[in-house]
Amino acid sequence: MVQGIAGLRCIGALVAFVGASLWTGAALAAAGHPTPWQLGFQDSVTAISDQIHSFHNLTMVIITLITLFVLGLLVFAMMRFNARANPTPSKSTHNTLIEVLWTVIPIIILVLIAVPSFKLLYAQYDVPKPDLTIKAIGHQWYWSYEYPDQEEMSFDSVMVEDGDLKPDQPRLLSVDNEVVVPVNKNVLVLVTADDVIHNCTIPSFGSKVDAVPGRVTSTWFNAREKGIYYGQCSELCGIRHAFMPIAVRVVDEEVFNNWAAAMAEDEDKARAIIQAAVEANKRKTIAELKN
Ligand SMILES: [Cu+2]
């Protein structure tokens, strides 16, 4: 009886897990950062991330069907072939048809998984012609960024401590200097580190790559929606590994150009430009919602 209830709970948990995993919709997840009780992935704002989500959904269906099939087989074998139900067992050891089937069907399933998997892998590494290049450098324990296209532009990006958070800043994700990029542009991110291995990850962009000292790795994204997108170092890098977030602000190209020009003179002025653009956007959204 107890085992029966445990079994039912397992099935219930499995169904809930599958449902949750398939449901990568926007209902609970806010774009750009995780939310309490969120199920599934963070919202996607790039084509690569869309592809990751649909690949995840496909494999989720396949593994669920396989799991249910194996569970069914186990239950069937236990009921049909236990000593009471089947006192004189069959002595057969081979069945050519079944042996061919259990070889061929898994091959077909693996090919079904391999095709979208390789497509995704190729898309992630096939960087389109970049409109903007950024260099992200991991340090123990903060990120610094360089914009090689803009002359001598570089800055450190350090996490905002709990006591200094502003009301709209999420804890452990906000930084003092955000990376600013234009919307709908191909951004190439060259990634490296100056001490140990870090990892530059931004879930909403579907980009994740190791930052290795002495090497340059790269990732790219083309964000289709303005907003602020957060990521974290995803390679255990020391005691403050959890406290070196990545924050990317996606803005209109004009705002980006103004910001980049201002950065050359005065970082506070550049920050004010972004702040003004964000406020203007907020007012616009509120006005649109009212209409
Ligand atoms: Cu790190």
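Report whether or not LEU289 is within 16 Å of the ligand (Cβ to nearest atom) and free of Cβ contacts under 8 Å to residues at least 12 places away in the same chain.
Working: within 16 Å of the ligand (Cβ to nearest atom): no; free of Cβ contacts under 8 Å to residues at least 12 places away in the same chain: yes.
Spelling it out, it is not the case that LEU289 is within 16 Å of the ligand (Cβ to nearest atom) and free of Cβ contacts under 8 Å to residues at least 12 places away in the same chain.
Considering only residues that are of a type in the set (D, E, K, R) and in contact (Cβ under 8 Å) with a residue 60 or more places away in the chain, look in the stretch 174-208 and name the one that is farthest from THR219 (Cα to Cα). Outline the logic, then answer.
Kept after step one, since they are of a type in the set (D, E, K, R), are these residues of the stretch 174-208: 176, 178, 185, 194-195, 208.
Within this subset, residues satisfying the condition of being in contact (Cβ under 8 Å) with a residue 60 or more places away in the chain are 178, 185.
Numbers: GLU178: 18, LYS185: 14 Å.
By that ranking, first place goes to GLU178.
One line per residue, one yes/no per condition, for (1) at positive phi; (2) touching a helix residue (DSSP H, G or I) at 6+ places or on another chain (Cβ under 9 Å); (3) surrounded by 15 or more Cβ atoms within 10 Å (Cβ to Cβ):
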| residue | (1), (2), (3) |
| --- | --- |
| GLU146 | no, no, yes |
| GLU151 | no, yes, no |
| ASP156 | no, no, no |
| VAL160 | no, no, yes |
| GLY163 | no, no, no |
| ASP195 | no, no, no |
| CYS200 | no, no, yes |
| SER204 | no, yes, yes |
| ARG224 | no, yes, no |
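Where the second residue is within 16 Å of the ligand (Cβ to nearest atom) and the first is polar (S, T, N, Q) and lies in the stretch 227-255, which pairs have Cβ atoms under 7 Å and are six or more apart or on separate chains?
Short answer, once both residue conditions are applied: GLN232/THR201; GLN232/PRO245; GLN232/ILE246; SER234/ASN199; SER234/THR201; SER234/LYS208.
For the stretch 235-253, state whether one or more residues are more than 16 Å from the ligand (Cβ to nearest atom), assigned to a helix (DSSP H, G or I) and more than 17 Å from GLY32 (Cβ to Cβ). So that I can check it myself, show each step before the final result.
Taking the stretch 235-253 first, the residues more than 16 Å from the ligand (Cβ to nearest atom) are 248-253.
Retained after the next criterion (residues that are assigned to a helix (DSSP H, G or I)): 253.
Next cut, more than 17 Å from GLY32 (Cβ to Cβ) only: 253.
Yes, the stretch 235-253 contains a residue that is more than 16 Å from the ligand (Cβ to nearest atom), assigned to a helix (DSSP H, G or I) and more than 17 Å from GLY32 (Cβ to Cβ).
Test each condition in (1) within 17 Å of HIS198 (Cα to Cα); (2) part of a loop (DSSP other than H, G, I, E, B) for GLU225 and report the one that comes out false.
Condition not satisfied by GLU225: (1).
Suppose we filter the stretch 260-278 for residues that are at pLDDT 90 or above and of a type in the set (Asp, Glu); how many remain?
Counting residues in the stretch 260-278 that are at pLDDT 90 or above and of a type in the set (Asp, Glu) gives 0.
Go through the stretch 185-228 and count every residue that is more than 16 Å from the ligand (Cβ to nearest atom), among the aliphatic types (A, V, I, L, M) and within 15 Å of HIS33 (Cα to Cα).
Going through the stretch 185-228 one residue at a time, the tally reaches 2.
Is there a residue in the stretch 58-74 that is polar (S, T, N, Q) and at pLDDT below 85? Quick ask: steps written out before the conclusion?
To start, the set of residues in the stretch 58-74 that are polar (S, T, N, Q) comprises 59, 64, 67.
Filter again for at pLDDT below 85, leaving none.
No, the stretch 58-74 has no match at all.
Return a yes/no flag: does the stretch 84-92 have any residue that is of a type in the set (Gly, Ala, Ser), surrounded by 10 or more Cβ atoms within 10 Å (Cβ to Cβ) and farther than 30 Å from VAL248 by Cβ. Write out each step before concluding.
As a first pass, look at the stretch 84-92 and keep what is of a type in the set (Gly, Ala, Ser): 85, 90, 92.
With the extra rule that they be surrounded by 10 or more Cβ atoms within 10 Å (Cβ to Cβ), the set shrinks to none.
The answer is no, given that none of the residues of the stretch 84-92 is of a type in the set (Gly, Ala, Ser), surrounded by 10 or more Cβ atoms within 10 Å (Cβ to Cβ) and farther than 30 Å from VAL248 by Cβ.
The values are calculated or read from the model by the stated rules, or taken from the named source; none is laboratory data. Bear in mind the structure is a predicted one, so any value in this text is a computation, not a measurement. We place every Cβ from the backbone using ideal geometry, glycine too, and count neighbours over all the protein chains shown.
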